[in-house]
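**Student:** Would you mind keeping the following structure in view while I ask a few things?
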């Protein structure tokens, strides 16, 4: 039996540069609004008035608008990369150690974790990401290098690095993360040394990437797990589906419901101001603007993504 | 600018009867498994070995398989109907009284409600549905009649009734609901008498419908809010989008993440064993089987829906 | 073996009237401070500038100072009376239905109750008092009359009544209590109809008594359970010890630790502004002043009791 | 005005050796029951069948029964010593950083801490003890030495040491404590390095003392803060009252209500099986037996203390 559609159809009919330019114009009043993340100096000094947007399509095109070459700290967006690696390493056994449901709590809350005996609700809250980091550590001789290689290959950019200063600042300010990871360890849901797990975690968050880098690096998630350049399999289709579903329900902190409504696409945000959205079978859309709304998502970025799916009809609903 | 697709395309190429028959065959070993809801006698006595499935398409076709004419208690599925009514009555002011995010807690938990000062996380947890019922009561002279008319019109079936015995049993066993509603009242988030609100709520849950009824009754949510028969507007497109997004992130109790992965469609379930899914621009899919999994969703039903989107390619991801 | 002391010795050497007068003088600047309970009209209209104090000794003396004959709503102080009755009815089986430990939560919180599956932490938080009321109801043909008789006998004052207007106002404003009691019912920890339990509960809170009434009514708790007038046993010594221990650790809402430090005596407070303290083997001390501190205890009253134990050396520590 | 009693009178009339022997006989069936703490090897290997009891009176006598010279790990009992030091260092400003009320939660719960924004409920739950340890660290050049000196002086035994192996084991198993301390640090309620705070904390818990040592070391808390040997002031009377009140309401984990009833004295327990009780103006009573009840208090020890106050009439109630 043939499916009635190859998912979302093609982007051939769309004048994407025009769409992006129009969105940039429309959201201009929002750029610079919101609060730039300030808990570490390196993030606090990023100029608030930046805005960039990039679209990478399955047919190989890249469209950019605004500050798309500027590097920013991808922060929690990195949780999607490590989830890729952990799923490849453990397969569905991973779900014995981390849940797959939205949390309804702040991303760094300990309350739910205590009630649920050390099993984080999903891989995108911090505790879940610690477990994922632990899994990657246990299955790799050099986790940081492995992650770098994965991201560089996905983005087709060997110049991508982790910002050591950000990683160190994260560690020095990361008491809540130390609390969470030790708590997980007390439930035996961390196998490696807490310091090692968090060292890896702080480094993954410190990945410096551009909108264009991220648009490429997520493209296999729009392509059923296949690398759009080489045609080789990066991750199994079933796991792609799982990752996209998790981004849809848990990818934007405590605003997943709002994103489902406004954007209607699987998306993952970071406090560096980046948001990546995946249009299955069609494209990835990345937006970056450092000012955050009260839920911790890029204020102008969320508005831009909402307009993008409205203008292109790419929303699910 | 033209959207690149009219959402999901058409169902013309699909041999739906064959799909439904195949699914029925495949899930047969699951039918009768799980637990039939037993907290009230009328639900407890429903035979576990029932299974029905119905698909209604935008082009007017209805496809059925199994026990599709049998009436069952729609229970929480009714929350979508009352949300329709409340949104039409209050518009976006409704969101001052109820949130739009997944809860991460049991559907009838009071904990989160206390922490969030009487604002339920979403309209589909019980507390949220009480607020919605209260809104409908405040804006209608005869809420129960109004709801009946709405549902009968949507389903194009004037014979639909509320099962008085179910409603009475619900009330007599509904201490947790009385706790929730009084709690809401203590935060001034219920305007009417608690007894009146719950009387309406227990009656909405007691709606008796068939798979076919529900497939028709949800079709406007697959059609941008337009009645597929008359062409008249039932609810604004923006509100349809909101309702579908809410079903996607909060429609299946504490299994929304799992549903997003397995089914990949907005869906709403009830402890009567029914589940309704919406394929925007294409169709509705309804399944019913009384045995529930540990999260309270129809066990065979969830499996059937998962297979449906796999076989038809209608999943989002 | 003879105990080394008959508890606290005798009050013979104390010039209690002088102590009370001095305290009245000292706390005068505090009288009228704090907030008078305002959630029902009848309590809200009590003048804030009232202050009364009464001491009843085991040797039969009564000492009064200030507004000691004025009647006030004893509110939560009544929980000690019903605990007396419930313990007599059920004995130690009572502790299967209610705990004996401090709660660390607001007196009307539902959170802990949910976590502990419907067993209230102690008989003095509202949920615990509902269970106690339920027990009394189950073991008495006319609970309200039974309680009235008990209190009138203890206080040796047949004129004591329940203020019907207060009881009705409590009911009309008591949504949180309805929430709690229905919640208990959902855990099968209420046997009677919720409305009946709360009707009794609201009436017990509506008892109108004076400082002098209360000083007499608690005297058996300073006397090992023996009525100081008739010499008959009111309640077994072991149960007296239990009640006093509960007042010590849980009698003053979320300020039991502070009371243990400042006052160092078993005490029970009510939002009507009354506080009763028991000096085992010696006396009872009652204070009343309607202005409450942020924890819900009489502001001037707590200060007066603290001074009383300092001046008399009657504190435990 | 003269207080009516010098607190609890004198112990002159009591035949304490006979009382202790009788209690030993009575509780013999309980010795060896319960669970010996097993989370670190050094504690796990303590023989369960030990029982010791010691009484030190203000007039200089020491009475012992059973295994009173055997050294055991005092664990949480040490929290009273560090509270002494912290109160001397900071005075009442200490209460800005830690509360004084019972918690109603497990001693190592993070939930309440999150809700109350990093202010532990009292100094005897682990988080509270971490804050206390932090205060001592901030006000002393060599905190560990300072504590050792304080304890040796109080116990009049220069041979008291900290068991380094216990301290190291605690650290290696102490993930929950690391979680708590990092959590406190995230709320800025820890000033020193988390590792330093916990290193001190684990060492305080590792103090090895006998029943006799502890009986002497707590005697100033029965003596208004005055050293019974030298007559010098160890801690101000007001602070003694505060410490005793805290032991009364929070000294025995989640069994303070039960202890108030059964024992009726300020007491502090540890998972090493020790319990210290203070009879103000009269004596200290120490009991040790390693088997713990489900709340974490010595099972035979609690029974022994209960019998002690019954037989001597020294209970408050």
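**Student:** Output the number of residues of segment D:148-187 satisfying the condition of being outside any helix (DSSP H, G or I) and more than 11 Å from every other protein chain (Cβ to nearest Cβ).
**Tutor:** 8
**Student:** What about residue C:119, is it at pLDDT below 95, crowded, with 21+ Cβ neighbours inside 10 Å and within 14 Å of chain D (Cβ to nearest Cβ)?
**Tutor:** no
**Student:** Still on this structure, please answer the following. Among the residues of segment C:1-20, count how many are in contact with a strand residue (DSSP E or B) (Cβ under 6 Å, 6 or more places away or on another chain) and either modelled with pLDDT of 70 or more or not in a loop (DSSP other than H, G, I, E, B) (or both).
**Tutor:** Final tally of qualifying residues: 3.
**Student:** Among the residues of segment A:285-300, count how many are within 14 Å of chain B (Cβ to nearest Cβ) and touching a residue at least 60 places away in the same chain (Cβ under 8 Å). Give the steps one after another, and end with the answer.
**Tutor:** Taking segment A:285-300 and keeping what is within 14 Å of chain B (Cβ to nearest Cβ), we get A:285, A:293-297.
Remaining after also requiring touching a residue at least 60 places away in the same chain (Cβ under 8 Å): A:285, A:293, A:296.
So the count comes out to 3.
**Student:** One residue is enough: does segment A:81-100 have a residue meeting the conditions within 14 Å of chain B (Cβ to nearest Cβ) and surrounded by fewer than 20 Cβ atoms within 10 Å (Cβ to Cβ)?
**Tutor:** Among the residues of segment A:81-100, at least one is within 14 Å of chain B (Cβ to nearest Cβ) and surrounded by fewer than 20 Cβ atoms within 10 Å (Cβ to Cβ), which makes the answer yes.
**Student:** Please determine, by comparing only the residues of segment B:306-317 that are touching a helix residue (DSSP H, G or I) at 6+ places or on another chain (Cβ under 7 Å), surrounded by fewer than 23 Cβ atoms within 10 Å (Cβ to Cβ) and more than 9 Å from chain A (Cβ to nearest Cβ), which one is nearest to residue B:74 (Cα to Cα).
**Tutor:** B:306
**Student:** Quick test for you: out of C:42, C:28, C:50, pick the one residue that is assigned to a helix (DSSP H, G or I) and at pLDDT 95 or above.
**Tutor:** C:28
**Student:** Going by what's in this entry, would residue D:202 be described as more than 10 Å from every other protein chain (Cβ to nearest Cβ), touching a helix residue (DSSP H, G or I) at 6+ places or on another chain (Cβ under 6 Å), without any contact (Cβ under 8 Å) to a residue 40 or more places away in the chain and assigned to a helix (DSSP H, G or I)?
**Tutor:** Yes.
**Student:** Oh, and also: What number of residues in segment B:122-145 are assigned to a helix (DSSP H, G or I) and either in contact with a helix residue (DSSP H, G or I) (Cβ under 7 Å, 6 or more places away or on another chain) or surrounded by fewer than 16 Cβ atoms within 10 Å (Cβ to Cβ) (or both)? Even if it seems obvious, please write down each step before you answer.
**Tutor:** So the first thing to find is which residues in segment B:122-145 are assigned to a helix (DSSP H, G or I), and the list is B:126-138, B:143-145.
Add one more test, that the residue is either in contact with a helix residue (DSSP H, G or I) (Cβ under 7 Å, 6 or more places away or on another chain) or surrounded by fewer than 16 Cβ atoms within 10 Å (Cβ to Cβ) (or both), and what stays is B:126-127, B:129-138, B:143-145.
Residues that pass the stated criteria total 15.
**Student:** What's the total number of residues in segment D:110-156 that are under 21 Å from residue D:180 (Cα atoms) and within 16 Å of the chain's Cα centre (by Cα)?
**Tutor:** Qualifying residue count, segment D:110-156: 11.
**Student:** Can you name every residue in segment D:275-298 that is outside any loop (DSSP other than H, G, I, E, B) and out of contact with any strand residue (DSSP E or B) (no Cβ under 6 Å at 6 or more places or on another chain)? Before the answer, list the steps.
**Tutor:** We begin by selecting, within segment D:275-298, every residue outside any loop (DSSP other than H, G, I, E, B); these are D:275-279, D:283-288, D:292, D:298.
D:279, the sole residue that qualifies.
**Student:** Turning to a different aspect of this structure: Got a number for residues in segment A:218-238 being surrounded by fewer than 24 Cβ atoms within 10 Å (Cβ to Cβ) and facing chain B (nearest Cβ under 10 Å)?
**Tutor:** Of the residues in that region, 3 qualify.
**Student:** What's the number of the only condition in (1) part of a helix (DSSP H, G or I); (2) more than 10 Å from chain B (Cβ to nearest Cβ); (3) without any contact (Cβ under 8 Å) to a residue 60 or more places away in the chain that residue C:212 fails to meet?
**Tutor:** Failing condition for residue C:212: (3).
**Student:** If you check A:303, A:260, A:245, A:256, which single one turns out to be facing chain B (nearest Cβ under 9 Å), over 15 Å from the mean Cα position of the chain (by Cα) and either crowded, with 21+ Cβ neighbours inside 10 Å or assigned to a strand (DSSP E or B) (or both)?
**Tutor:** Of A:303, A:260, A:245, A:256, the one residue that is facing chain B (nearest Cβ under 9 Å), over 15 Å from the mean Cα position of the chain (by Cα) and either crowded, with 21+ Cβ neighbours inside 10 Å or assigned to a strand (DSSP E or B) (or both) is A:260.
**Student:** Could I ask something else about it? Can you pull out every residue in segment B:63-97 that is outside any helix (DSSP H, G or I) and farther than 27 Å from residue B:39 by Cα?
**Tutor:** B:63, B:64, B:65, B:97
**Student:** Ok, one more. Please work out which one of (1) facing chain C (nearest Cβ under 9 Å); (2) touching a strand residue (DSSP E or B) at 6+ places or on another chain (Cβ under 6 Å) is the condition residue D:272 fails and give its number.
**Tutor:** Every listed condition holds for residue D:272 apart from (1).
**Student:** Looking for whichever is closer than 17 Å to residue B:74 by Cβ and within 15 Å of the chain's Cα centre (by Cα) here; the options are B:159, B:212. Which one fits?
**Tutor:** Answer to the check: B:212.
The values are calculated or read from the model by the stated rules, or taken from the named source; none is laboratory data. Computed from a predicted structure; not experimentally measured. Methodologically, a virtual Cβ is constructed for each residue, glycine included, from the backbone with ideal geometry; neighbour enumeration extends over all protein chains shown.
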